[in-house]
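The structure under discussion appears below in the form of structure tokens.
Nothing in this text is a laboratory measurement; each read-out follows from the coordinates by a stated rule. Keep in mind the model is a prediction, meaning the values are calculated, not measured. All Cβ positions, even for glycine, are placed from backbone atoms using ideal geometry, and neighbour counts span all protein chains on display.
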Amino acid sequence: MMRLWRLIPAILLAGCASSHLGGGASTDKPEDQAPHLKPEEIHADLIRQMLDKGQYYAALAHIEDAKRSGSNDELTLLEGDARGHLGQRAQADALYRKLLDTRYAAQAYHGLGRLYVKTDLEGAIGNLRKAVERAPTDVDFRNDLGYALMEAGRYTDANLQLSTAAELAPGQQKSINNLIILMVLVGNEGKVQQLAQVPPGVTPERLKELRDSAQSIRDRQNARAAKAAG
């Protein structure tokens, strides 16, 4: 278990990564970003921005407005994401399952995985694997699968997914944070400290939060083990 650090990307340990991904939605209007887009594409882009900002009710309102002109698979996916974030699991599940035979299948499997990670961990892992199989270079899919595998105590598999995500998007803080949590779980303090120095670096306060996240994962693992044994 202690040898997992060998799989961590060399680029991270060298501290070469400096770019940031996922820095939040642009404040520019969709029309300014892509004037060549069709009106329905502009509307979908606006809805995605609302989802990124956590404005799930507003996103649903715009989805309902857009559907007056006819529904499509993209709107179905966006509605599934909005309802999933709002805890409307049954509705989100039905929407995602409509997309499993479409070009949005990877996103739909990802949505199903995230939807059930707290209630059916193995089922969630299965869906997240299907998402990764269909979109192997998607960093978010890899990160979420890696995190779910950490939850399940499958640290070697988690390391593979999280290290791949980190190499696909060097410097993305989510990937680095997940790797730090993993290294805390396997007891590799040296690698925790090295990863914490990867630019822009992890503050002591944030590092404590990541250690607390690792402890929460341990607590959930112990609770599941106790329930299975009892």
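Taking packing as the residue-averaged number of other Cβ atoms within 10 angstrom, the listed peptides 202-209, 89-96 run from highest to lowest as 89-96, 202-209.
Grab the other residues whose beta carbon is less than 12 angstrom from that of Gln221, score K and R as +1, D and E as -1, and report the net. Walk me through the numbers before you get to the answer.
On the way: positive: Arg154, Arg218, Arg220, Arg224, Lys227; negative: Glu151, Asp219.
Combined, the nearby Lys, Arg, Asp and Glu give +3.
Most exposed first by the Cβ proxy, i.e. fewest other Cβ within 10 Å, how do Leu75, Leu115, Leu179 rank? Spell out each step's value before the answer.
Working: Leu75 21, Leu115 25, Leu179 29.
Ranked by crowding around the Cβ, least crowded first: Leu75, Leu115, Leu179.
Coupling constants for region 179-191 follow from the phi torsions by the Karplus curve (6.51 cos²θ - 1.76 cosθ + 1.60, θ = phi - 60°), and in residue order they are 5, 4, 4, 4, 5, 5, 4, 8, x, 9, 5, x, 6 Hz; glycine and proline get x.
Summing charges over neighbours of Gln172, with a neighbour being any other residue whose Cβ is under 11 Å away from its Cβ, gives 0 when K and R count +1 and D and E count -1.
I'd like to compare 50-59, 219-228, 77-86, 134-143: which one has the highest average count of other Cβ atoms within 10 Å, and what's the full order after that? Please report the intermediate quantities before stating the final value.
Values: 50-59: 15.8, 219-228: 10.9, 77-86: 21.9, 134-143: 18.9.
The densest-packed peptide leads the list: 77-86, 134-143, 50-59, 219-228.
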